[in-house]
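One structure is given here, and the rest of the page talks about it.
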Amino acid sequence: MLRGKSSNYAIKRDLRAYMASKFCTMRVGPLFWLLARMDNETQSEVLTSLTETLEQLLESRIGIVEASRLIAAASHSLNQSNNPLFSVFVGVDSDTIHFPLGHVRQHWAPDALARYDSERETEEQNLKPFVPQAAAELLAWVRANAL
């Protein structure tokens, strides 16, 4: 039986819950131990980077896909993977992971880059109605809570 996107989302959600469980933490303890004990300086750097990314996204100085990758990474670094304010960006990151961004682009053929760039731009246009509100809400939360 083929599974749809909603089924994949449920699988990813269940995997994240498992990863956060005590059983899994015992198996991969060092990684979770490091994330849980992030020092204040590192946490401050991640929060600063997250704030800058959200501001750039709201000012259209960075693309939705690129911003979502950075925001999703920050959610994991800050142990906020289950925070619903990050879910839009984690979902976008998951759905667009196949688009080449950053330094990996230098290893791609120009015709393939053109094709993927066109697909990415279309995807970003489809996301434009939803992302700014999610970004504004997350930015407000980050500024208010500063974890």
Within the range 98-125, which residues are surrounded by fewer than 11 Cβ atoms within 10 Å (Cβ to Cβ), not aliphatic (A, V, I, L, M) and either not in a loop (DSSP other than H, G, I, E, B) or not assigned by TED's automatic domain parsing to the domain that holds residue 64 (or both)? 102, 103, 106, 107, 110, 111, 118, 122, 125
Within the range 42-79, count every residue that is touching a residue at least 60 places away in the same chain (Cβ under 8 Å) and not in a helix (DSSP H, G or I). 2
Could you list, in sequence order, the residues of the range 103-131 that are within 20 Å of residue 86 (Cα to Cα) and hydrophobic (A, V, I, L, M, F, W, C)? 127, 130, 131
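The values are calculated or read from the model by the stated rules, or taken from the named source; none is laboratory data. If you're wondering where the values come from, they're calculated on a predicted model, not measured in any experiment. Virtual Cβ from ideal backbone geometry, glycine too; neighbours counted across all protein chains shown.
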